[in-house]
1. Being on the phi > 0 side of the Ramachandran plot and out of contact with any helix residue (DSSP H, G or I) (no Cβ under 8 Å at 6 or more places or on another chain) narrows it down to one residue among Gly71, Gly106, Gly38, Gly87; which is it?
2. For Thr316, state whether it is part of a helix (DSSP H, G or I), free of Cβ contacts under 8 Å to residues at least 40 places away in the same chain and open to solvent by 80 Å² or more (accessible area, probe 1.4 Å).
3. Every residue in segment 161-205 that is among the β-branched types (Val, Ile, Thr) and either modelled with pLDDT under 80 or crowded, with 17+ Cβ neighbours inside 10 Å (or both), please.
4. Would you point out the residue of segment 16-27, among those that are at pLDDT 85 or above and part of a helix (DSSP H, G or I), that is nearest to Glu111 (Cα to Cα)?
5. Can you find a residue that is more than 18 Å from the chain's Cα centre (by Cα), within 30 Å of Asn230 (Cα to Cα) and touching a residue at least 12 places away in the same chain (Cβ under 8 Å) anywhere in segment 192-211?
6. Could you please find all residues in segment 322-363 being open to solvent by 50 Å² or more (accessible area, probe 1.4 Å) and either at pLDDT 80 or above or under 19 Å from the mean Cα position of the chain (by Cα) (or both)?
7. Mind checking which pairs have a first residue in segment 100-126 that is farther than 27 Å from Arg430 by Cβ and open to solvent by less than 90 Å² (accessible area, probe 1.4 Å) and a second that is β-branched (Val, Ile, Thr) and assigned to a loop (DSSP other than H, G, I, E, B), Cβ under 8 Å, 6 or more apart or different chains?
8. So which of Asp88, Asp31 is more than 22 Å from Glu139 (Cα to Cα) and acidic (Asp, Glu)?
Amino acid sequence: SLLLFCAANVSLKPFIAPDLSPVHIARNCCDEPVIIEGVVDSRTERTEHGSRLLLRAERIFADKASREVTGRLLLSVKEGEVHFVTGDRVRFASRLRRPRNYGLPGEYDIERYLAFRNVFVTAFAKSSDEIIFIGDSGEFALQRRVDAIAQHLGEFIGVNVPPAEGAILRALLLGDMGVVPKVVKDAYTRTGVNHILSISGFHVGIIAVFIFQLFLLTAKGSEFLLLHLNMRRFSLLLTLPFLVFYLFLSGAAPATVRSVVMIGVYILAMFIEREVDPIDSLMLAAVLILAGSPTALFDLSFQLSFLAFWGLLVLTPVFAAPFGSIQGRTIRKFLLFFMASAAATVATILPVAFYFHRTTLTGLISNFFIVPLLGYGAVVIGFTALPFVYLAPFIARPLFLAAAFLVKTSDSIIMFLAKIPTLPLFNPSRLDLAIFYLFLLAITFIKGKRIRRGCCISLAALFIGSGMMHGAL
């Protein structure tokens, strides 16, 4: 643990205190506009204020001369549709700026956020028409193809589905959160179910089960396959490449990566007939993500995703224990669903209050409606429609419209539930968060019941004391 801690700190140095080369594009920041040529090296991000492109700079044209440069920059585009994909070489004119914080208390640290993405220069374009497409750079061939597929699928949904429902379908199926209207995002956040809009373990799990059942159902029609193969294990293995492809199709967000890694570990363990511990697979997913991208630790979606799943694993059994004697399969499933929802809510309520200064328990109610409508309904129907966009568009269109109907129903419920008042404002401190994380660690890793109970009671008392002192201050 100490070795990993030291290695992680060393790995952050190039982002926090970079040693920029003499030809880095950050050396060319000035008040005069220059012409920049570079290659788009990641998928275009849509926001409520326009679009954002991350580019690897290659050349600058200024003072009737050109020079080669290196480094990454963020280009913000205010107006117009941006249709560039990874690997496109583009050229535009803009002033180059170094990211700067305003110095206001509690402001968002944009400098650190961009530095963690290896971005030390920003540029601005008023319209997408100001950006000139030069050609295909010949790089990122695989990601370029996947991005083009995602773009085509998104455009098909946008043309054939009403805008409000189409925006949510694009978020659910392709990870394009930027097209969801702000009022809808706020309503889902206020009701505690904003997690359903971003592709997470829930979506990936549903899709994995759907693909697995599809393979199993297909195999049942072949006597040869049933006699010569263990189709349950083989179908699980065939599911994995489809999940990996969907990971890149949806933008490879931390929550999606975590889910695919955990499901992949589970599938491989089942295939070689080994037991798999959920906590171990969760930790393995975290280590693999952080090994590839150490700065993901400071990504809020990474933190909340792992906390929610951690809560599901360790708190759900605790909450469900008092109801173990209840008979009836339907009632037990209902209680388990409620306890899982409560566990995910409890595990994330303090971090959400710390970062967003709002808390709500409405999610305990809204999950009962939104999860079946969007999770088991819109996601499954929409995912089924995706391949038909290429194979048979006339089949894809009614499937998307059916999914859109479920989205519209979900939106109506959310807008009604959003009127429920939130909880009284509670701003937890960093100490409160630390105590809460220690509480989760105690439940997870302390095996002795007496020691675990004593630690949890002590931490709960410390948390209450901290809250009382915080309130008195």
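The values are calculated or read from the model by the stated rules, or taken from the named source; none is laboratory data. Treat the numbers as computed from the prediction; the structure is a model and nothing was measured. A quick note on method: Cβ atoms are made from the backbone with ideal geometry, for glycine too, and the neighbour counts reach across all protein chains shown. SASA here: full protein model, heavy atoms, side chains in, ligands and nucleic acids out. Shrake-Rupley method; radii C 1.70, N 1.55, O 1.52, S 1.80 Å.
1. Every option except Gly106 fails the conditions.
2. Details: part of a helix (DSSP H, G or I): yes; free of Cβ contacts under 8 Å to residues at least 40 places away in the same chain: yes; open to solvent by 80 Å² or more (accessible area, probe 1.4 Å): no.
Spelling it out, it is not the case that Thr316 is part of a helix (DSSP H, G or I), free of Cβ contacts under 8 Å to residues at least 40 places away in the same chain and open to solvent by 80 Å² or more (accessible area, probe 1.4 Å).
3. Within segment 161-205, Val161, Ile168, Val179, Val180, Val184, Thr189, Thr191, Val193, Ile196, Ile199, Val204 meet the criteria.
4. Here the residue is Ala26.
5. So far as segment 192-211 goes, yes, one or more of its residues are more than 18 Å from the chain's Cα centre (by Cα), within 30 Å of Asn230 (Cα to Cα) and touching a residue at least 12 places away in the same chain (Cβ under 8 Å).
6. Hits for segment 322-363 are Val346, Tyr355, Phe356.
7. Ala125/Ile131
8. Values: Asp88 fails: more than 22 Å from Glu139 (Cα to Cα).
Every option except Asp31 fails the conditions.
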